[in-house]
Amino acid sequence: MDRSLPDEGKVIGYPAVNKISSRKKKFNPTKSKLPVIVLILLLVYVTFSFSTRFNTLHAMQQDVQEMQQQVEVLTQKNARLYDQLERAQSDAYVEEVAREKLGLVKKGEKRIMPVNELPEIRDPSIRD
């Protein structure tokens with residue numbers, strides 16, 4: 001007696017084997033954990049990427065603020081130096097420097113030097 005039926009490809013007496021071999025396992029995304037794992041990994045990657053970008057952006061914003069403060073300070077210093085340059089190029093300042101620092105006088109003027117008190121000279125050998 002023939003135990004197998006050639007038309008159906010089933011083996012008689014082994015029903016469990018027939019069920020497993022006859023149906024193929026299909027991928028079911030609703031029952032699989034793979035899409036959930038991929039989604040979680042993608043979210044972790046995006047979160048990490050955004051956090052590093054935001055940290056970099058924050059650091060750059062702080063650098064910009066510091067540079068703006070430096071620009072303000074340097075602009076004020078530049079304005080002061082420009083004012084000093086204009087003053088130094090004026091005839092009044094040149095005359096002031098010539099009189100006070102160089103001790104020069106105009107024609108017809110006499111130079112008067114104040115007499116300061118003479119510094120006290122103390123000789124340790126002389127006692128009061």
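Numbers below:
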item	result
Förster-model FRET efficiency, 35 Å R0, residue 90 and residue 60, C-beta, rounded to 0.05	0.20
Stretchable slack from residue 112 to residue 78, in nm (0.36 nm times residue separation minus alpha-carbon distance)	8.4 nm
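Every number in this text was worked out from the coordinates using simple rules, so none of it is lab data. Keep in mind it's a predicted model, so treat the numbers as computed, not measured. Virtual Cβ from ideal backbone geometry, glycine too; neighbours counted across all protein chains shown.
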